[in-house]
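These notes are about the structure you will find just below.
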Amino acid sequence: MNRKFMIAAASAAMFALSTTAFAQQPGQSGTAAEAKAMLAKAITAVKADKAKAIAMFNSGEGGFKDRDLYPFCANFSDGKLIANSNTKQLLGQDGRTFKDATGHNFGQELYDAAAKAKEGEVVETTTFLFPRPGADTTPVAKVAFVERAGDIYCGVGYYK
């Protein structure tokens, strides 16, 4: 009887773990390397034609929306968010005021990191909480890469 119980318990544990593993299969989320690559592409687009790039970022066209990866941009002059296909309701707001669920002022951190960076330098931020794109609004750990592009800065984050 003990042996049957042990087999049943082990089977139940394997089943429970396997559903977690299937729910988080690789490739469903963007990686740090993919986020950096998208940021490089975004900065190139901004330097070529800023208005066109911002429009593409906001629509997610041109490869600027891939699973949970997307670029965001803000002005240095007033901190206002000018591009973000994930949270369009934040466009026009001062990104420096954005805080996560723990009160971490990640918006100011993004701004400061980009402001201190030299042109062409990519800076990685500390972890903050932000909802993944989609229906679930639960904040998830995220890290962003930011880069200066003239009078604006852009970033792409990946979820941990």
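The values are calculated or read from the model by the stated rules, or taken from the named source; none is laboratory data. Source: prediction; values computed, not measured. Backbone-built Cβ (ideal geometry, glycine too); neighbour counts: all protein chains shown.
Do you know which residues across segment 77-88 are in contact (Cβ under 8 Å) with a residue 40 or more places away in the chain, assigned to a strand (DSSP E or B) and within 14 Å of Gly157 (Cα to Cα)? Once the filter is applied, which keeps residues that are in contact (Cβ under 8 Å) with a residue 40 or more places away in the chain, assigned to a strand (DSSP E or B) and within 14 Å of Gly157 (Cα to Cα), segment 77-88 yields only Ala83. In segment 142-154 there is at least one residue matching the filter, namely being in contact with a Pro (Cβ under 8 Å, 6 or more places away or on another chain) and crowded, with 20+ Cβ neighbours inside 10 Å.
Taken together, Ala141, Ala115, Ala74 contain a single residue that is outside any loop (DSSP other than H, G, I, E, B) and under 16 Å from Tyr158 (Cβ atoms), which is Ala141.
Here's the yes/no breakdown for (1) surrounded by 15 or more Cβ atoms within 10 Å (Cβ to Cβ); (2) in contact with an Asp or Glu (Cβ under 8 Å, 6 or more places away or on another chain); (3) modelled with pLDDT under 95:
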site: Ala42; (1), (2), (3): yes, no, no
site: Ile54; (1), (2), (3): yes, no, no
site: Asp68; (1), (2), (3): yes, no, no
site: Ser77; (1), (2), (3): no, yes, no
site: Ala83; (1), (2), (3): yes, no, no
site: Gln89; (1), (2), (3): no, no, yes
site: Gly92; (1), (2), (3): no, no, no
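Once segment 135-160 is narrowed to residues that are among the hydroxyl-bearing types (Ser, Thr, Tyr) and touching a residue at least 40 places away in the same chain (Cβ under 8 Å), the residue that is farthest from Lys50 (Cα to Cα) is Tyr159. Based on this model, can you work out whether Ala33 counts as hydrophobic (A, V, I, L, M, F, W, C), more than 16 Å from Gly155 (Cα to Cα) and either part of a helix (DSSP H, G or I) or under 15 Å from the mean Cα position of the chain (by Cα) (or both)? When the stated conditions are applied, Ala33 does not pass them. Being in a helix (DSSP H, G or I) and at pLDDT 95 or above is true of Gln108. Search segment 57-66 for residues being in a helix (DSSP H, G or I) and in contact with a strand residue (DSSP E or B) (Cβ under 9 Å, 6 or more places away or on another chain), and hand back the single one that is surrounded by the most Cβ atoms within 10 Å (Cβ to Cβ). The qualifying residue surrounded by the most Cβ atoms within 10 Å (Cβ to Cβ) is Phe57.
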